[in-house]
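Heads up, the thing below is written out as structure tokens.
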Amino acid sequence: MIPAQFEYVRPSSLVDAVRALADGGEDAKVIAGGQSLLPLLRLRLAYPDLLVDVGGLDELRGVTDAGDQLLIGAGTTHYQLVHDPLIGQHCGLLAQAAGTVADPAVRHRGTLGGSIAHGDPAGDLPAVVLAIDATMIARGPGGDREIAASDFFVDYLTTALTPGEVLTGIRVPKLDGGWGYRYEKFHRTAQAWATVGVAALVRRSNGEVAEARVGLTNMGSVRIRAAAVEAAVAGAQASAGALRAAAAVADEGTNPPADLHGAPDYRRHLARVLTGRALEAAAGV
Ligand SMILES: Cc1cc2nc3c(=O)[nH]c(=O)nc-3n(C[C@H](O)[C@H](O)[C@H](O)COP(=O)(O)OP(=O)(O)OC[C@H]3O[C@@H](n4cnc5c(N)ncnc54)[C@H](O)[C@@H]3O)c2cc1C
């Protein structure tokens, strides 16, 4: 289908982008790589009056070393996430998950910020952002504001961003000092969208799991941390048996969707199995 008519601006600075959004009011929308928004426009599931294209803003791209954190620009593409040396060194989980998104063409255009701001429960990167306790940075007419990942994903395709705000970047704590990681994803062969995905981080100490964090993809209308698993695994032996036993509660507190790709019970089963695998791989057992 052909999208409904809209105005289009391509500002040359973030300041101009924020101003254009404010001028456009509630019917203005940011577009970055267009990999999620363009399909919605073509299906007329979204029909903004104005598109503010931030895809050309260099100031939104790239990765900066900020001491014990990395600052990742919202306009950084999936391809860049996969190949950036700082991310590879300090936040390999993000690189690994970004490498599972779609195909090379989509990974070259789609952005971290777009994946997060879109708030799709089936998107891979939000589960990672939750597991690593990232912080989102948003710029609006009133200046910058920071939003914890745990407060960011509000509902299906709904985030804490307000209509006038641009997501400019995310802060990611460096995961040094004994953290292992794994993104496990089950998807149909024909397309990469996750039926279920699991982002796991495990910190080992003296043969035990000192701390684990688990984010789930597509197990509810909103992003979920598998809190029951995290509690069950903390202090447990870093053995395959103990980790698989903890994974048995991975679906606790979830509300998985029913669609063409799987019934809720099937997704619950997948969540338990994938969580076990992800924990084992992250713990290196
Ligand atoms: C064929 C295909 C397969 C795909 N497979 C997968 C997959 O396997 N896994 C997966 O996770 N995703 C998948 N996707 C989705 C896609 O990769 C991401 O959702 C996409 O990369 C989002 O980034 P974008 O820059 O293209 O966002 P856009 O499409 O430009 O925008 C998406 C939404 O985010 C908002 N937005 C974008 N940037 C900002 C910003 N800086 N500040 C505020 N709001 C912003 C827009 O207003 C819009 O609402 C697939 C897409 C396609 C077309």
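Here are the numbers for the structure shown:
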item: Helix axis angle, 14-24 relative to the chain longest principal axis, alpha carbon, degrees; result: 70 degrees
item: At R0 = 41 Å, FRET efficiency that the Cβ-Cβ distance of HIS269 and ARG10 yields, to 0.05; result: 0.35
item: Accessible-area composition of the chain, carbon plus sulfur, in percent [1.4 Å probe]; result: 50 percent
item: Cα centroid separation, region 254-270 to region 1-67 (Å); result: 33 Å
item: Cα-centre dipole for the chain with unit charges at Cβ (Lys and Arg positive, Asp and Glu negative), debye to 20; result: 780 debye
item: Loop-located chymotrypsin sites (Phe, Trp or Tyr not before Pro) in region 132-195, at most 16 other Cβ atoms within 10 Å (DSSP); result: TYR156
item: Kirkwood Rh and Cα Rg combined as Rg/Rh, the chain; result: 0.98
item: Net charge dipole size for region 196-285 [Lys, Arg +1 and Asp, Glu -1 on Cβ; Debye, nearest 20]; result: 140 debye
item: Full-stretch length increase - ALA234, ALA190 - with 0.36 nm per residue and alpha-carbon distance subtracted; result: 12.1 nm
item: Within a Gaussian network of the chain (alpha carbon springs, distance under 10 Å), most fluctuating of ILE147, ILE137, ILE224; result: ILE147
item: Å² per residue, accessible surface of region 16-166 at 1.4 Å; result: 43 Å²
item: Per-selection Rg to Rh, region 70-185 - Cα, Kirkwood hydrodynamic radius; result: 0.94
item: Length-normalised contact order of region 218-285 in % [C-alpha pairs under 8 Å, at least 6 apart]; result: 39 percent
item: Degrees between helix 264-283 axis and first principal axis of the chain (Cα, 0 to 90, nearest 10); result: 70 degrees
item: Kirkwood hydrodynamic radius (C-alpha pairs) into Stokes-Einstein, region 1-72, 20 °C and 1.002 mPa s, D in µm²/s; result: 160 µm²/s
item: Coarse-grained scattering of region 150-263 at q = 0.18 Å⁻¹, given as base-10 log I(q)/I(0) from a Debye sum over alpha-carbon atoms; result: -1.06
item: Antiparallel bridges, percent of DSSP beta bridges restricted to region 1-74 (to nearest 5); result: 35 percent
item: Longest exposed-site-free window of the chain, the sites being trypsin sites (Lys or Arg not before Pro) in a DSSP loop that have at most 13 other C-beta atoms within 10 Å; result: 45-187
item: Virtual spin-label span in nm between THR158 and GLU26, 7 Å along Cα→Cβ; result: 1.4 nm
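The values are calculated or read from the model by the stated rules, or taken from the named source; none is laboratory data. Predicted, not measured: the structure shown is a model, and the values here were computed from it. When we count neighbours, we look across all protein chains shown, and the Cβ atoms used for this are built from the backbone with ideal geometry, even at glycine. Ligands, DNA and RNA are stripped out before the accessible areas are found, and what is left, the full protein with its side chains, is counted by its heavy atoms. Shrake-Rupley method; radii C 1.70, N 1.55, O 1.52, S 1.80 Å.
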